[in-house]
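Chemist: What follows is a single structure, and I will ask about it in a moment.
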Amino acid sequence: MAGAGVNLFFQTLLDIVKAFVGVYNVFDKQYASVRYVGWVENTMTERIKVIQGDITRQAVDAIVNAANPSLLGGGGVDGAIHAAAGPELLAECRVLNGCATGEAKITRGYRLNAPRVIHTVGPIWYGGGHDEDALLARCYQNCFLLAVRHGITTIAFPAISTGAYHFPMERAVQIAVTETRRFLESQPALRKVVFVCFNGATFNCYCKILAGRPQGKAS
């Protein structure tokens with residue numbers, strides 16, 4: 001009897017340890033997905049996601065290119081997309097006659113995983129007194145309009161204007177998130193928007209903005 005009691009005690013203790021380890025593993029996986037893989041906004045039925053990675057590798061219907069007005073390639077995201085897509089993308093862009101700030105144009109994706117590229121020209125930051133906020137908002141609005149017009153249901157964005165154009169990161173991310181939420185609330189056909197961040201600082205900024213706003217309509 002004593003032996004049976006000891007065995008029962010140790011079996012119960014083992015069960016408690018297993019349960020604790022299971023809870024820890026679940027928490028650890030959830031935390032890792034937020035910090036390193038992405039942040040999914042459950043209030044939009046998981047339609048908004050943030051990842052840190054390479055936008056040229058995204059398997060979505062369209063990726064957005066933070067282009068310059070010529071649409072003929074450049075540095076940063078623009079150069080990376082042209083390099084990954086191949087010379088056919090540049091050839092198609094040559095016949096588009098450029099793009100105005102805040103507007104968007106669409107091309108094929110060629111050698112990219114994404115079959116389409118939406119090119120938009122973000123505003124250069126001049127201190128905030130030259131309609132920079134409104135122009136950046138129009139970039140997202142026009143990209144979304146093109147996406148719906150062409151039957152695109154999944155789309156990936158870089159942090160438009162936050163690189164060489166020096167738009168303040170948190171301000172740009174707030175505009176991106178606001179316009180995305182507003183559009184998703186009125187357009188159920190767009191299933192997923194992915195914000196692809198080049199580095200950890202950008203990733204953390206998106207997570208902060210997405211997590212910091214109460215549920216409900218975009219402001």
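Chemist: Compute the projected area of the convex hull of the Cα atoms of the range 40-211, averaged over all viewing directions, and report it in nm² to one decimal place.
Modeler: 8.7
Chemist: Now for a different question. Could you give me the percent of Cα pairs per 5 Å distance bin for the range 92-156, shortest bin first, beginning at zero and ending with the bin that holds the maximum distance?
Modeler: Taking all Cα pairs of the range 92-156, the binned fractions are 4, 17, 24, 21, 18, 9, 5, 1 percent.
Chemist: Please compute the modelled spin-label separation between Ala211 and Ala91, points set 7 Å along Cα→Cβ, answer in nm with one decimal.
Modeler: 4.7
Chemist: Also, I was wondering about something else. With +1 on the Cβ of every Lys and Arg and -1 on the Cβ of every Asp and Glu, and nothing else charged, how large is the dipole of the range 109-219 about its Cα centre, in debye rounded to the nearest 20?
Modeler: In debye, rounded to 20, the range 109-219 gives about 440.
Chemist: Can you sort Tyr110, Tyr126 so the residue with the fewest Cβ neighbours within 10 Å comes first?
Modeler: Result, fewest neighbours first: Tyr126, Tyr110.
Chemist: Can you pull the Kirkwood radius for the range 37-139, inverse mean 1/r over Cα pairs, to one decimal in Å?
Modeler: Kirkwood hydrodynamic radius for the range 37-139: 14.6 Å.
Bear in mind that the values in this text are calculations on the coordinates, not laboratory data. What you are looking at is a predicted structure, and each value in this text was computed from that prediction instead of being measured. Note: ideal-geometry Cβ built from the backbone for every residue, glycine included; neighbour counts use all protein chains shown.
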